[in-house]
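Before any comments, here is the structure.
The values are calculated or read from the model by the stated rules, or taken from the named source; none is laboratory data. Not measured: the values here are computed from a predicted model. Backbone-built Cβ (ideal geometry, glycine too); neighbour counts: all protein chains shown.
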Amino acid sequence: MPRSSAPVEGRGRCVRTSHTKKHERIERMSGISPTENARVALLTGAGSPRGIGRATADQLVRDGWNVAILDIDGEAAQRAADELQSQAPNDNKVVGVRVDVSDPTSVDDAVAEVEHALPPITALANLAGISSPTSFLEISSKEWDRVLAVNLTGAFFVSQRVVRGMIDRRYGRIVNISSISAQRGGGTYSKVAYSASKAGLLGFTRALAREVGEFGVTVNAVAPGPIDTDIMGGTLTASRKAELSEGTIMGRIGTPFDVAALVCFLFGESAGYITAATYDVNGGLQIS
Ligand code: NAP
């Protein structure tokens, strides 16, 4: 089997530092070509203006990445892409594409559109998700199936479509957005179906990491606590934020940028020895 030590096109680094030149020298020595065009990220569920995906797209574009923003709301994805394209510092490109991650044909079409518009994809974040505040005795099989289809099967469809190219090019980064609900069985807003879907993502992450590591592809999970977005039944009021921050060590709920920073780090070339990991981003709520 070919190993991941083979030269790769991308370096996927997210943050530029004053040590850039030194790093580039090290990258040359290690056979990794610092091709700007090789920084290409695909983010699902990134069309929502106040979401974690959008915050991730903001940071990636600022750092010179090419970014594909995919969302079930195609117009929102296109609007986000237009806004970010006008702020792009270099000649990095931003595209917005509609996708329903629970539909394999839609996923295939959307990824093909991205592949046509941008250089090969080096990083994928599965962020598309829906909440489900329905309790166990009330939830219908239809709602259960929909939550699992978007939150878990969606990550399967998109990852399988994208990872083949990563394997061919011997380089890739995949980040799956799970939730503290997977670890604590809810406790924030959503209930059983959501927790089950997000717990499924943790097993998915580890099993996929095992299969693709030898090809230079890392797969990690991020498990946020309550974050100030609109997914928990709309924009959070001050009193709901205070309620949700109870039990955190930091005494506040998270911002989308708190999560975006970690996703960007895991996308970076320097994160190449981190795989099959789950990261808590919850202000310490995991020990409450
Ligand atoms: P968000 O702004 O609602 O982002 C989720 C995005 O996914 C929305 O734009 C949503 O569109 C889109 N989407 C829904 N179904 C889709 C589908 N079938 N195909 C493609 N896109 C679809 O909320 P967020 O908080 O940033 O959530 C991002 C991820 O973080 C989610 O996976 C969520 O479960 C996870 N997370 C969030 C929190 C939190 O407290 N915010 C905590 C832990 C984990 P619509 O708005 O039209 O549905």
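The table below gives the values:
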{"read-out": "All positions within the stretch 55-72 that are more than 7 Å from the ligand (Cβ to nearest atom) and not in a strand (DSSP E or B)", "value": "ALA55, THR56, ALA57, ASP58, GLN59, LEU60, VAL61, ARG62, ASP63, GLY64, TRP65"}
{"read-out": "Number of the condition not met by GLU27 [criteria: (1) at pLDDT below 95; (2) crowded, with 21+ Cβ neighbours inside 10 Å; (3) not β-branched (Val, Ile, Thr)]", "value": "(2)"}
{"read-out": "So ASN176, is it among the polar types (S, T, N, Q) and more than 10 Å from the ligand (Cβ to nearest atom)", "value": "no"}
{"read-out": "Subset tally (residues that are outside any loop (DSSP other than H, G, I, E, B), within 16 Å of the ligand (Cβ to nearest atom), touching a residue at least 12 places away in the same chain (Cβ under 8 Å) and basic (Lys, Arg)) for the stretch 191-241", "value": "2"}
{"read-out": "Top-ranked residue in the stretch 128-174 [being of a type outside the set (Gly, Ala, Ser) and without any contact (Cβ under 8 Å) to a residue 12 or more places away in the chain; ranked as farthest from GLY185 (Cα to Cα)]", "value": "ASP168"}
{"read-out": "Qualifying positions in the stretch 113-135 - over 20 Å from THR218 (Cα atoms) and outside any loop (DSSP other than H, G, I, E, B)", "value": "GLU113, VAL114, GLU115, HIS116, ALA117"}
{"read-out": "Residue within the stretch 240-250 that is touching a Pro at 6+ places or on another chain (Cβ under 7 Å) and more than 16 Å from GLY129 (Cα to Cα) present", "value": "yes"}
{"read-out": "Hey, SER181 over 24 Å from ALA77 (Cβ atoms), outside any loop (DSSP other than H, G, I, E, B) and more than 16 Å from the chain's Cα centre (by Cα) or not", "value": "yes"}
{"read-out": "All positions within the stretch 76-107 that are in a helix (DSSP H, G or I) and more than 10 Å from the ligand (Cβ to nearest atom)", "value": "GLN78, ARG79, ALA81, ASP82, GLU83, LEU84, GLN85, SER86, GLN87, PRO104, THR105"}
{"read-out": "Pairs with Cβ under 8 Å, 6+ apart, first in the stretch 39-61 and within 21 Å of TYR171 (Cβ to Cβ) and of a type in the set (Lys, Arg), second more than 9 Å from the ligand (Cβ to nearest atom) and in a strand (DSSP E or B)", "value": "ARG39/ASN66; ARG39/ALA123"}
{"read-out": "Selected residue (only one of THR278, THR248, THR235 is among the hydroxyl-bearing types (Ser, Thr, Tyr) and under 18 Å from the mean Cα position of the chain (by Cα))", "value": "THR278"}
